[in-house]
Amino acid sequence: MRIIILMLLACVLATTANAQQPAQIRGFSVVLLLGEQQGSVPAEGLSPSALRAIADIKEFLPYKGYRVLDTQWVAGSWHSSSKGRINNLDNFSLDFQVDTFTGGAKFRLGPGPEPLLENSFAIKPGETVVVGTSRVVASRPQANSAMIVLLTAVAAGK
Amino acid sequence: MKHELRDQLRDADPLTREPALTIEDVHAMRRRSVSAARTAPYRRNRPGLRAAGAIVLACMVVMVFTWSRSNRGPVNPVTAPKLDEPRQLQFETPGGTRIIWVLNPNLEL
């Protein structure tokens, strides 16, 4: 009988936990990178989560250098919209916007009706999602550079 | 060939040469079975146990239903992109970092 009561409690707790909202966030850290065919990989000056993401993607993406163009922080929570501005090449700035829904975000970088990036994805508090864009040149795939954004959802209370 | 094998197996079976059980033995076996069945502890029907089992089952059904609903996303039709349209890829590194990559033929950095 005790085992059944314990199972019941476990079921109720699991159901309640699943029905609850995900953990809260208090904002987003945005790092704008330029992926290049030469240069170095940043080893400091960024959050541990961003550095870990760079260490992951350098094994995966065909770029040798990752130049940090700018970093920004915007406050935010689930079901909110946060806007900011981040420096691109030659101090040309780009507007960005993070619209959140429960457990996910829509990130938009760049002005006008045709932004550089506009993507929706799931994201958890503390997680860093890499959003990037590049051209495709079939004959010279190495000639490209890429615009890369590291978006980290900063958990509330951290 | 089959018949020969069957005959050989039958001939080699030692039970066919043993005498059958006597009536007394059969009755003694039956008596022991019946008395054993009578003296076995009776397992009472416990309604509380059944109710708890039903609640556990209901909880599991609710859990599975909630889980399946929370993991269900919108399903978009798959269409082939045009050559000059941006294409999006999503993948995950072995370290667990998710990458969303847009291949844009018209990108100017």
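The values are calculated or read from the model by the stated rules, or taken from the named source; none is laboratory data. Source: prediction; values computed, not measured. As a convention, Cβ positions derive from the backbone with ideal geometry for all residues, glycine included, and neighbour counts pool all protein chains shown.
Of everything in the range A:106-119 that is away from chain B (no Cβ under 11 Å) and at pLDDT 90 or above, the residue that is surrounded by the fewest Cβ atoms within 10 Å (Cβ to Cβ) is A:Lys106.
Of everything listed in (1) more than 18 Å from B:Trp101 (Cβ to Cβ); (2) touching a Leu at 6+ places or on another chain (Cβ under 9 Å); (3) surrounded by 18 or more Cβ atoms within 10 Å (Cβ to Cβ), the single unmet condition for A:Ala50 is (1). Of the candidates A:Ala122, A:Ala155, the single residue that is away from every other protein chain (no Cβ under 11 Å) and surrounded by fewer than 18 Cβ atoms within 10 Å (Cβ to Cβ) is A:Ala155. Please work out if A:Leu89 is aliphatic (A, V, I, L, M) and without any contact (Cβ under 8 Å) to a residue 40 or more places away in the chain. When the stated conditions are applied, A:Leu89 does not pass them. In the condition set (1) over 16 Å from the mean Cα position of the chain (by Cα); (2) at pLDDT below 90, A:Gly103 is compliant with all but (1).
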